[in-house]
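Worksheet: the structure to be examined is printed underneath.
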Ligand code: ASP
Ligand code: MG
C-alpha cells in the first residue's frame, strides 16, 4: 500500500466533467489499495475573479464586485447541482458555499467603504477559491462512495506574515500535519485539502503566491510521507518547449528535480518553482499527468540526472522582459557598482531574472519584468548618481521588448562545446544574442534576445532538444 498525494489544478476541477474525471482517478487509485491525499486549486479562473472583485471594491464599484460574486456563486451552485442528486448532503454543501459567498460580499463591502485593501484582506478574499473547490470536490468524491473530507489548510500550513507570498514555518507545519492529518489517513479518510493557502499563527489567511497549490501540495506530500506525488493538470506532462511557439513540442518522459527547477524558474508553467523544495531531500517521485488524458503516463520527475543522448532537454521562454545595461569605462575595477545597482533594484520591489557582466567590467546587464523597467532605471540612476556625474558611468539603458530563452539539461555539466553549439544554431538562424548567462549548476544557459527573434530562436534551439526525445 502506497500513500499517494494528488494535486488537481484549476482546470482539473474547473467543470463537472473535470471533477468527474477526478473522482474516477481517485476511485481507481483507492481500489488498488492505496491511500490517497487530495490537494485542490480553485476552479479555473476563480482566483482571477476574486482578485478582480477586490480591485473593483477599491474603486468603489459596488455593482461590479456584486456581479462577479454572483457569477461565481452561480457557477459553483450549478456544479453542485450537477454533481449531487437532490439530498440533504447537497443542501448542506450548497449552504456551506453560500455562506462563503456571503462572506465574500461582506469583505468586498468593507474594502469598498475603506477604498483600500491591505495584503492581509486580499489574502482573506483570495482564499475563498480553494475553500469552495475543496468542498465541492469532497462532496463529489463522497457521491462516488469515497470517504472524503474537505480540509482547510489554514489549520495545518502555518506561515509567516508575508501575505501573498507567505513562507511556511516548517517545524510547526510538520508538527500539525503529523499530529492531526496523519491519523486521519490511518482511519481511511481521504482528505481534500485546499491548496495555495495557509495561515499565520494568529489565524489570518495567507497565500503562497500565484500558482502556489503545487507548492502546498508538495509540503503535504512530504510531511504525510507520501510514496508518490502526482500533479494532475491539463497537459500530458513537462514538454520540450511551449507548443504554442513550436508545434513539434513533445512530452519529456523523465526530468530530474534540478532540471525541472530551472524549467519552472524560466517560464515553463507546469510547476510552481518552489514545488521541489520540500520533496528533494526525501526523493519522492513526482509525476505530472493529464486529468483529461489519464492513460498517458506523463512525466516522471526524480532524483537521478539520467545521461540523455543529447544534452539539451528543453527550451523555455519568458516574455515581457526588459534588460537594463549599465555601462561606462570608469566602472573598471570599481568594486560594488553591481551590488549597489542590484540593491537599488530590490528596493524598487523588482526581482532580477538574469545577470550578465562582460569581463572587461565595462558593462553589467540584468533583466526585470517589463513593466518595472522604468522604475528600476530611476532607482539605479539615483543610487549611482555620483558615478554618473563623474562620468564613470555613461548610461543606464533600457532595452524593452526582449525575451529570456533558456536551454535546460543536466547533461550540459561537463559536456564541453554545448554553448558553442547553441551559438552556432542561433547564428545560423540569424538571431542576435543580446546577453548570455549560464546557471551555476551548469544545468541551464539563458539568453536575452529581441522579442522579434523569439520564435526563430526557440525553433532553432528546440531542434537540438528534439534529437533526444522519442516520438
Ligand atoms: N488558485 C491559485 C492561483 O490561481 C493557486 C493555484 O491554482 O495553484 O494562482
Ligand atoms: Mg498551476
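Quick note: the coordinates plus some simple rules give every number you see, no bench work behind them. All of these numbers come straight from a predicted model, not from anything done at the bench. Glycine gets a Cβ as well: all are built from the backbone with ideal geometry, and neighbour counts include every protein chain shown.
Between residue 165 and residue 390, what is the FRET efficiency for a Förster distance of 45 Å, r being their Cβ-Cβ separation, to the nearest 0.05?
With R0 = 45 Å, the Cβ-Cβ based efficiency is 0.70.
Considering all alpha-carbon pairs of the chain, what whole percent are spaced by more than 32 angstrom?
Of all Cα-Cα distances in the chain, 47 percent exceed 32 Å.
Length gain on complete extension for the stretch residue 88 to residue 319, per 0.36 nm per residue less the alpha carbon to alpha carbon distance?
Value of the extension gain: 78.2 nm.
Please provide three numbers in whole Å: the alpha-carbon extents of the stretch 201-242 along the principal axes, with the largest listed first.
The Cα atoms of the stretch 201-242 stretch 44, 26, 14 Å along their principal axes.
Once Rh is set to the Kirkwood radius over Cα pairs, what Stokes-Einstein translational diffusion coefficient, in µm²/s, holds for the stretch 155-247 at a temperature of 20 °C and a viscosity of 1.002 mPa s?
146
Ignoring solvent entirely, what values of log10 I(q)/I(0) come out of the Debye formula for the stretch 53-93 at 0.20, 0.23 Å⁻¹ when each Cα is a single scatterer?
Debye output, listed in q order: -0.63, -0.69.
Rounded, prolate or oblate: pick one for the stretch 313-377, where a ≥ b ≥ c are the square roots of the eigenvalues of its C-alpha gyration tensor, a/c under 1.5 means rounded, and failing that, prolate if a/b is larger than b/c, else oblate.
Because a/c hits 1.5 or more and a/b fails to exceed b/c, the stretch 313-377 counts as oblate.
Divide, for the stretch 80-231, the radius of gyration over alpha carbons by 2.2 N^0.38 Å, where N is the residue count.
It is 1.09.
Sort 43, 239, 184 so the one with the fewest other Cβ atoms within 10 Å of its own Cβ comes first.
Going from sparsest to densest Cβ surroundings: 184, 239, 43.
Relative to the first principal axis of the alpha-carbon coordinates of the chain, what is the inclination of helix 88-114, with its axis defined by its Cα atoms, in degrees from 0 to 90 and to the nearest 10?
50
State, as an integer percentage, the relative contact order of the stretch 279-345 based on alpha-carbon contacts under 8 Å between residues 6 or more apart.
Here the relative contact order equals 20 percent.
Would you mind computing the Rg to Rh ratio of the stretch 216-290 from its alpha-carbon coordinates, Kirkwood style for Rh?
Radius of gyration relative to Kirkwood radius: 0.97.
Pairs of Cα atoms under 8 Å, at least six residues apart: use those to get the relative contact order of the chain, whole percent.
Relative contact order here is 13 percent.
Hull surface divided by four, with the convex hull built on the Cα atoms of the stretch 217-364: how many nm²?
Orientation-averaged projected area of the Cα hull: 12.2 nm².
Can you sort 232, 63 so the residue with the fewest Cβ neighbours within 10 Å comes first?
Arranged by neighbour count, lowest to highest, 232, 63 become 63, 232.
Cut-off 16 Å, label point 7 angstrom out along Cα-to-Cβ of residue 110: give me the residues of the stretch 48-72 whose amide nitrogen falls inside.
54-55, 57-58
Relative to the present Cα-Cα distance, how much length would full extension add between residue 343 and residue 99 at 0.36 nm per residue of separation?
Stretched out fully, the residue 343 to residue 99 stretch lengthens by 83.3 nm.
Roughly how tilted is helix 128-143, in degrees to the nearest 10 and between 0 and 90, from the longest Cα axis of the chain?
Result, in degrees: 50.
Considering every Cα-Cα pair within the stretch 319-421, what fraction, in whole percent, is farther apart than 24 Å?
So the portion of pairs separated by more than 24 Å is 29 percent.
Using a 7 Å offset from the Cα along the Cα-to-Cβ direction at both residue 20 and residue 293, what is the distance between the two label points in nm, to one decimal?
Simple spin-label model gives 2.1 nm for this pair.
Would you mind checking the tilt of helix 62-83 against the longest principal axis of the Cα atoms of the chain, expressed as 0 to 90 degrees and rounded to 10?
60
Can you put 49, 134, 327 in order of Cβ neighbours within 10 angstrom, beginning with the fewest?
Ordered from fewest to most neighbouring Cβ atoms within 10 Å, 49, 134, 327 come out as 327, 49, 134.
Label the stretch 8-140 by shape, choosing from rounded, prolate and oblate, from the square roots a ≥ b ≥ c of the eigenvalues of the Cα gyration tensor; if a/c is under 1.5 it is rounded, and otherwise prolate applies when a/b is larger than b/c, oblate when it is not.
Judged from the Cα gyration tensor, the stretch 8-140 comes out prolate (a/c at least 1.5, a/b above b/c).
Contact order normalised by length for the stretch 10-154, with contacts defined as Cα pairs under 8 Å and 6 or more residues apart; what percent is it?
Result for the stretch 10-154 is 32 percent.
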